[in-house]
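The structure appears below as structure tokens.
The values are calculated or read from the model by the stated rules, or taken from the named source; none is laboratory data. Because the structure is predicted, anything quoted here is derived from the model rather than measured. Using ideal geometry, Cβ is built from the backbone for each residue, glycine included, and neighbour counts are taken over all protein chains shown. These accessible areas exclude ligands, DNA and RNA; they are computed on the full protein's heavy atoms, side chains included. Shrake-Rupley method; radii C 1.70, N 1.55, O 1.52, S 1.80 Å.
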Amino acid sequence: QVQLIQSGAEVKKPGASVEVSCKASGYTFSGYYMHWLRQAPGQGFEWMGWIDCKSGFTNYGQKFQGRVTMTRDRSISTAYMELSGLTSDDTAVYYCAKTGDVYRPYEGPWGQGTLVTVSS
Amino acid sequence: DIQMTQSPSSLSASVGDRVTITCRASEPIANYLAWFQQTPGKAPKSLIYAASSLQTGVPSNFSGSGSGTDFTLTISGLQPEDFAIYYCQQYNSYPFTFGGGTKVE
């Protein structure tokens, strides 16, 4: 079955960077776009960007331009999201989710979420 | 960015009740609208896409309707496992945006 398994929780200091991974299984990794979203505690969802898992082309949300980098390793069906210059406002649960094309709904299960806590 | 406004933000209901949640987009999005269900500590689960199409495995007591700017999620015959937070999301244009959520309690 389709699964997206994310890396574990992280605690980071302000100004640091964090990398979250999302390992895919049960489908053809390169046939999809992997999106990254986040949900601050008790808040709604915020879309961060996507990566085309075939070409590696990325599209980042304007809010995150210059701070986020999305990559993928097709050999191990894993997508990565790195966020730099962390502040307390970046404390959130980060999710990966896939779509079949650029303007398509999310398909199948999301990753289980990765809690990133930014605290001095 | 397209703003998605859900109402109500919360509602009280009982098992067996019919529940209706509305979602309004700040500009037309055709039928590029999805609904999600989230329970505490869990990732969202997709219920509906294209405004009214049920995801595989979603019970038939869930239904969606609407087009353009106004959309509705209806739960007919609320079940104990349906007490959760529901979100709408538009995928008509980037950035994809979500409603603020409706807590069914």
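Numerical summary
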| quantity | calculated |
| --- | --- |
| Dimensions in Å of chain B - Rg and Dmax from alpha carbons | 12.7, 38 |
| Accessible area per residue in Å² at 1.4 Å probe, computed on chain A | 46 |
| Pairwise Cα inverse-distance average, inverted: Kirkwood Rh of the stretch A:33-120 (Å) | 13.5 |
| Buried area at the A-B interface (accessible, heavy atoms, 1.4 Å probe, summed, Å²) | 1500 |
| Rounded Å value of the spacing that divides the Cα centres of the stretch B:39-105 and the stretch A:1-46 | 21 |
| Segment A:GLU19-A:SER88, length gained on full extension (0.36 nm per residue, minus Cα span) | 23.2 nm |
| Accessible surface of the protein assembly as shown, 1.4 Å probe, proportion on carbon and sulfur as whole % | 47 |
| Under-5 Å amide H pairs with A:TYR32, H placed in peptide plane, nonlocal only | A:CYS53, A:LYS54 |
| Loop-located trypsin sites (Lys or Arg not before Pro) in the stretch A:34-64, at most 14 other Cβ atoms within 10 Å (DSSP) | A:LYS54 |
| At R0 = 41 Å, FRET efficiency that the Cβ-Cβ distance of B:LYS103 and A:THR28 yields, to 0.05 | 0.65 |
| Radius 15 Å from Cβ of A:THR114, net charge of other residues (Lys, Arg +1; Asp, Glu -1) | -1 |
| Debye, to nearest 20: dipole size of the protein assembly as shown, +1 on Lys, Arg Cβ, -1 on Asp, Glu Cβ | 320 |
